[in-house]
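Derivation of every value follows stated rules applied to the coordinates shown; laboratory data play no part. None of the values given here were measured: they were computed from a predicted structure. Note that we place each Cβ from the backbone using ideal geometry, even for glycine, and neighbour counts take in every protein chain shown.
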Amino acid sequence: MVNALEDFSVIIWSSNAAMKKWQKVEYAFYIIAKNDIFDIIVLGVVIINSFFMALDGNLLKPEILDRMNISYYVFNSIFIMEYLVKFIGLGPFIYYADPFNFLDTFIIGLDYGTT
């Protein structure tokens, strides 16, 4: 009887191709999220975004301000992709174990609400 149950569970597990693909995606995101180069790239994007935010003001020409608005959408998209990679790759429990990730989620939520 035990053999029949084991065979049945193997058949169900092996027939679920979508689950296997999702596990591969999670694992790929986990590898990316734990990579130091990924963190360095995100830090570089944060620094460049800070530079663009410092440039914003009334002294700039309207054409430049329009281009800067486009850059805000680009930076926000990058930050949302970073959030998704880390959240899917690490899972919610490990992701939110770091308090700074609460701040990231809050900032992304605020930014999404204002655009």
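Site pair Leu43 and Thr114 shows an inter-label distance of 2.6 nm when each label is modelled 7 Å from Cα along Cα→Cβ.
According to the Kirkwood relation over distinct C-alpha pairs, the hydrodynamic radius of segment 36-115 is 13.9 Å.
Count Lys and Arg as plus one, Asp and Glu as minus one, and take only other residues whose Cβ is under 15 Å from that of Asn101; the net charge is then -2. In a fully extended conformation the segment linking Lys24 and Ile80 would gain 18.1 nm over its present Cα-Cα distance, using 0.36 nm per residue.
Taking 7 Å steps out from each Cα toward its Cβ at Arg67 and Ala54 produces label points 1.9 nm apart.
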